[in-house]
Amino acid sequence: MAFVLSDLDAHYFPTPWTLDNWKSISEQDRLLVVMMNMEQVAGFCLFDKSVPDSFAHLLKILIIPELRNQGHSRVLLENAIGQLRQEGCSRLFLEVEENNHAAQKLYYGLGFSIVHRKKDFYGENRNALIMTLGH
């Protein structure tokens, strides 16, 4: 699975993780939810979590382009949020690029709200919005 996730990450993210990063995710306190379509990975979301602190951080989310705008991201995140809450993570946060309006719409729809703006977080003139969900 690490090879497939690493390939998707390298293909769709501007700063992908190494294969070694993907191989080591099971060694850390993380939640990986994978969406399959016809025996192929169609998307995933990955959270770093700290159950003792009751929070989780969305590290990556991806739906392959041909399946986007069909509600799959929402279902993927709803599943992950449900699992995280069952494990005791009541507060979630994420960073989203300020110009990524589609992602922001998704996060707003799930109840996230903006708490901060980080200038140049993703590079020069690429600001991030920090969003949270929960108390």
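List of remarks:
- Probe 1.4 Å, protein heavy atoms only - accessible area per residue of the chain in square angstrom: 59 Å²
- The chain: C-alpha pair distances exceeding 18 Å, %: 56 percent
- Euclidean distance between Cα centres, the stretch 1-22 to the stretch 38-116, Å: 18 Å
- Shape call, the stretch 64-135: gyration tensor on alpha carbons, a/c limit 1.5: oblate
- Look at the Cα gyration tensor of the stretch 17-87: its axes a ≥ b ≥ c give a/c of at least 1.5 with a/b at or below b/c, and that counts as oblate.
- Added length on full extension, which subtracts the Cα-Cα distance from 0.36 nm per residue, Leu32 to Val115: 27.4 nm
- Carbon and sulfur %, accessible surface of the chain computed with the full protein complex present, 1.4 Å: 50 percent
- Farthest positive-ward along the chain dipole, Cα basis, beta-carbon charges - from Ala80, Leu59, Leu133: Leu133
- Estimated at 0.36 nm per residue, the fully extended path between Asp53 and Gln40 surpasses their Cα-Cα distance by 1.2 nm.
The values are calculated or read from the model by the stated rules, or taken from the named source; none is laboratory data. It should be emphasised that the depicted structure is a prediction, and the values quoted were computed from it without experimental measurement. Glycine gets a Cβ as well: all are built from the backbone with ideal geometry, and neighbour counts include every protein chain shown. Heavy atoms of the whole protein, side chains included, go into the accessibility calculation; ligands, DNA and RNA do not. Shrake-Rupley method; radii C 1.70, N 1.55, O 1.52, S 1.80 Å.
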